[in-house]
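**Q** Got a structure for you, questions after.
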Amino acid sequence: METVAVDNKIKQVVSNIRNLPTPPMVFHQIQKVISDPNVSAAQIASILAEDPAISVKVLKLTNSAFYGLAREVDSVKHAVVVVGVEAIKNLVLSASVLDMFKSDTVDQEFQESYWRHSLATGFCCRFLAKKLQAHGMMNTDSAFSSGLLHDIGKIVIACFLSDEYARLQEARAEDTESQDIELEDRVLGFNHAQIGAFLAVQWKLPNRLAESIDYHHQPRLGTEDDPISYVVNIGDFVAKRTFYDKDRAHLIGALDPEVMAYMQITEADLDEYSDILREEYVKAETFMQMAGLGK
């Protein structure tokens, strides 16, 4: 199918979704002021104060094992000072997304599996952003958000496109070998990466975040010299390799040798990343609670 035709189909599918959630106003307000070098912690705190529920979640996450701070942060203003404006923006986005996609009509097992993998990918992208900074400075909190949201199209299909989701379930029952993205392209004529990227644009998220979602299966199609799509591609692979059980092992796929060469990583590095991810993932408890799931 031609790219324009796919884009039009996705636009039509998403525009027909009723009650599709959007990030809260405070996220967009913070995103507007974040480019101002003179913005103060007090200004950011006053924006967050307009949404008490999000403020509580940001404080919870700031005080969680995710940051491992030595002292408890007792106010949003203090949180901004301690972890920075970019981190707060990404925490608002993460907390919002965890809250937005909950459905009583989608089986709990799928939702739990989905969030576990998304969080594992986010954690992996976060430490990869530190490790692979030789490829250019990359904000670790932005990398986490990119990893957390990389499969957001899957939860959109599951929660809001019930007919399409049912068709995928039927196809999966007959075809246990194909990768999800291959199955989606064949059955629906579009895939979760395209849906997720379109949604990110609709939400006015940063362009590189939308691009990392769009190209997380094909990072070489992303913007030249921007490694974020490569980081998410590797994070996704490592999360699957680390946590998929034997029933899903055949769905792990393989990492593109050209991706490994571009990022200068080896098989030994991938083993090390899996070890680190197992240690990092214990910090996921607060996120899982926000998604309404057990650890």
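**Q** Being within 30 Å of residue 57 (Cα to Cα), of a type in the set (A, V, I, L, M) and assigned by TED's automatic domain parsing to the domain that holds residue 110: is that true of residue 238 here?
**A** Numbers: within 30 Å of residue 57 (Cα to Cα): yes; of a type in the set (A, V, I, L, M): yes; assigned by TED's automatic domain parsing to the domain that holds residue 110: yes.
Yes; evaluated as a whole, the condition is true for this residue.
**Q** If residue 17 satisfies every condition in (1) free of Cβ contacts under 8 Å to residues at least 12 places away in the same chain; (2) part of a loop (DSSP other than H, G, I, E, B) but one, which is the exception?
**A** Looking at each condition in turn, residue 17 falls short on (1).
**Q** Sticking with this one: Kindly check whether there is at least one residue in the stretch 33-49 that is under 21 Å from the mean Cα position of the chain (by Cα) and not assigned by TED's automatic domain parsing to the domain that holds residue 144. Reasoning before the result, please.
**A** As a first pass, look at the stretch 33-49 and keep what is under 21 Å from the mean Cα position of the chain (by Cα): 34.
Checking which are not assigned by TED's automatic domain parsing to the domain that holds residue 144 leaves us with 34.
Yes, there is a match, as at least one residue in the stretch 33-49 is under 21 Å from the mean Cα position of the chain (by Cα) and not assigned by TED's automatic domain parsing to the domain that holds residue 144.
**Q** Let me ask something additional. For the list (1) surrounded by fewer than 19 Cβ atoms within 10 Å (Cβ to Cβ); (2) among the hydroxyl-bearing types (Ser, Thr, Tyr); (3) touching a His at 6+ places or on another chain (Cβ under 8 Å), I need the number of the one condition that residue 118 fails.
**A** Residue 118 satisfies all of (1) surrounded by fewer than 19 Cβ atoms within 10 Å (Cβ to Cβ); (2) among the hydroxyl-bearing types (Ser, Thr, Tyr); (3) touching a His at 6+ places or on another chain (Cβ under 8 Å) except (1).
**Q** In addition: Please go through the stretch 157-206 and give me each residue that is surrounded by fewer than 19 Cβ atoms within 10 Å (Cβ to Cβ) and either in contact with a strand residue (DSSP E or B) (Cβ under 6 Å, 6 or more places away or on another chain) or among the small types (Gly, Ala, Ser) (or both), ordered by number.
**A** Those that are surrounded by fewer than 19 Cβ atoms within 10 Å (Cβ to Cβ) and either in contact with a strand residue (DSSP E or B) (Cβ under 6 Å, 6 or more places away or on another chain) or among the small types (Gly, Ala, Ser) (or both): 162, 166, 171, 173, 178, 189.
**Q** Next question. Exactly one condition in (1) touching a Phe, Trp or Tyr at 6+ places or on another chain (Cβ under 6 Å); (2) not in a helix (DSSP H, G or I) is false for residue 155; which is it?
**A** With respect to (1) touching a Phe, Trp or Tyr at 6+ places or on another chain (Cβ under 6 Å); (2) not in a helix (DSSP H, G or I), residue 155 is out only on (2).
**Q** Out of 257, 227, 219, which single residue is in contact with a His (Cβ under 7 Å, 6 or more places away or on another chain) and either surrounded by 14 or more Cβ atoms within 10 Å (Cβ to Cβ) or at pLDDT 90 or above (or both)? Write out each step before concluding.
**A** Details: 257 fails: in contact with a His (Cβ under 7 Å, 6 or more places away or on another chain); 219 fails: in contact with a His (Cβ under 7 Å, 6 or more places away or on another chain).
The conditions single out 227.
**Q** A further question on this structure: Which ones in the stretch 279-294 are part of a helix (DSSP H, G or I) and exposed (fewer than 13 other Cβ atoms within 10 Å of the Cβ)?
**A** Of the residues in the stretch 279-294, the ones part of a helix (DSSP H, G or I) are 279-290.
Passing the criteria: 279, 282.
The values are calculated or read from the model by the stated rules, or taken from the named source; none is laboratory data. Computed from a prediction, not measured in an experiment: that's the story for all the values here. Here the Cβ is made from the backbone with ideal geometry for all residues, glycine too, and neighbour counts use every protein chain on show.
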